[in-house]
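What follows is a set of notes on a single structure, which appears directly below.
The values are calculated or read from the model by the stated rules, or taken from the named source; none is laboratory data. Quick caveat: nothing in here was measured; it's all calculated off a predicted structure. Ideal geometry is used to build each Cβ from the backbone, glycine not excepted, and the neighbour counts take in all protein chains shown. Ligands, DNA and RNA are excluded from the accessible area calculation, which covers all protein heavy atoms including side chains. Shrake-Rupley method; radii C 1.70, N 1.55, O 1.52, S 1.80 Å.
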Amino acid sequence: MRINVFTLFPEVFQPYLETSILHRAIQSQLVQVNLHNIRDWATDRHHVTDDEPYGGGGGMVMKPEPIFAAIEGTLGVEPDCPVVLLTPQGRLLDQSIAYELSYQPELALLSGRYEGVDERVRQYLVTDEISIGDYVLSGGELPAMVLIDAVVRLLPGALGDPTGALDDSHASGLLEYPHYTRPSEFRGWGVPEVLTSGDHARVARWRREQALLRTYLRRPDLLASAELSDEDRAYLDKFTQDEAMKDQPTDERK
Ligand code: ADE
């Protein structure tokens, strides 16, 4: 996969791309991330990329010419890959969107700054708009990085453990079960007995139940679209305040 990022601040991507899973994915050529500085495509003497909004009002708007020049100069006129604008007005990023984008051989990501980009960019160049949440950041760089991370870890071979992404929260429409590691007792706080039992079937069942329970307690909205077996449904139906609650780690500090 090739990901082209168009931004005024390419340098902010570098450290994260050189870390951990993304670094490995790039090294092993699962993904190539090309950073393009929009400013390099501004043709005036001062390489200006923003201007005042028509109609007045505060803030600056990113000019269309350098953005069109950068994207068309790199990918051709009418690029044949998705051109994604990161904007709080876009569709909300979730795991199914990350999957959808992970099947693309090439992506263009456009990170805006200031009050936003000239509307003609959105109308005539951009093919998709994605938000990472209902809050406003200072620019689309962190959202682009979030999108890259969410997408690249889904590429086959990106995670050390090939089944690694399967249990992730949201992968199956549920939140993930709780994790524990050594020591088995820490400050007097133990680990659920089942996890040290060596009984893989029991562990698998416990994890599934914990995922169901956690989702029910924290994000019941997700259950409506999660893939649930008859057994899952029976478990959830049975659950009220009983048995299962005792294995939920308590949140002593909340
Ligand atoms: N740019 C600024 N805020 C954003 C958000 N929440 N999502 C995507 N792009 C953004």
Practice task
Look at Ala98 and say whether it is assigned by TED's automatic domain parsing to the domain that holds Gly76, part of a helix (DSSP H, G or I) and touching a Ser or Thr at 6+ places or on another chain (Cβ under 6 Å).
Solution key: no
Completion exercise
The residue from Val121, Val136 that alone is part of a loop (DSSP other than H, G, I, E, B), at pLDDT 95 or above and of a type in the set (A, V, I, L, M, F, W, C) is Val136
Practice task
Could you please tell me which pairs satisfy a Cβ distance under 6 Å, a separation of 6+ or placement on different chains, a first residue in segment 188-210 that is on the phi < 0 side of the Ramachandran plot, and a second residue that is among the charged types (D, E, K, R) and in a helix (DSSP H, G or I)?
Solution key: Pro192/Asp247; Val194/Arg202
Completion exercise
Asp94 meets each of (1) away from the ligand (no atom under 16 Å from the Cβ); (2) open to solvent by 40 Å² or more (accessible area, probe 1.4 Å); (3) on the phi < 0 side of the Ramachandran plot with one exception, condition (1)
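Pull up segment 28-65, narrow it to residues that are assigned to a loop (DSSP other than H, G, I, E, B) and in contact with a strand residue (DSSP E or B) (Cβ under 8 Å, 6 or more places away or on another chain), then point me to the one that is nearest to Leu155 (Cα to Cα). Show your work before the answer.
Our first condition is that a residue be assigned to a loop (DSSP other than H, G, I, E, B); within segment 28-65, this holds for 28-31, 42-49, 52-60, 63.
Remaining after also requiring in contact with a strand residue (DSSP E or B) (Cβ under 8 Å, 6 or more places away or on another chain): 31, 49, 52-53, 60, 63.
On the way: Val31: 9, Thr49: 34, Glu52: 41, Pro53: 40, Met60: 37, Lys63: 34 Å.
It comes out as Val31.
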Exercise for the section: Any residue in segment 73-86 that's among the hydroxyl-bearing types (Ser, Thr, Tyr): show its pairings with residues that are open to solvent by less than 20 Å² (accessible area, probe 1.4 Å) at Cβ separation under 7 Å, as long as the two are six or more apart or on different chains. Expected result: Thr74/Asn4
Problem - From Asp161, Asp167, Asp134, Asp149, residue being among the acidic types (Asp, Glu) and within 12 Å of the ligand (Cβ to nearest atom) - result: Asp134
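Evaluate the following for Leu142: is it in a helix (DSSP H, G or I), within 14 Å of the ligand (Cβ to nearest atom), hydrophobic (A, V, I, L, M, F, W, C) and open to solvent by 40 Å² or more (accessible area, probe 1.4 Å)?
Values: in a helix (DSSP H, G or I): yes; within 14 Å of the ligand (Cβ to nearest atom): yes; hydrophobic (A, V, I, L, M, F, W, C): yes; open to solvent by 40 Å² or more (accessible area, probe 1.4 Å): yes.
Against the criterion (in a helix (DSSP H, G or I), within 14 Å of the ligand (Cβ to nearest atom), hydrophobic (A, V, I, L, M, F, W, C) and open to solvent by 40 Å² or more (accessible area, probe 1.4 Å)), Leu142 qualifies.
With open to solvent by less than 70 Å² (accessible area, probe 1.4 Å) and of a type in the set (Val, Ile, Thr) as the only criterion, which of Val136, Val126 stands out? Break it down stepwise before answering.
Working: Val136 fails: open to solvent by less than 70 Å² (accessible area, probe 1.4 Å).
From the options Val136, Val126, the qualifying one is Val126.
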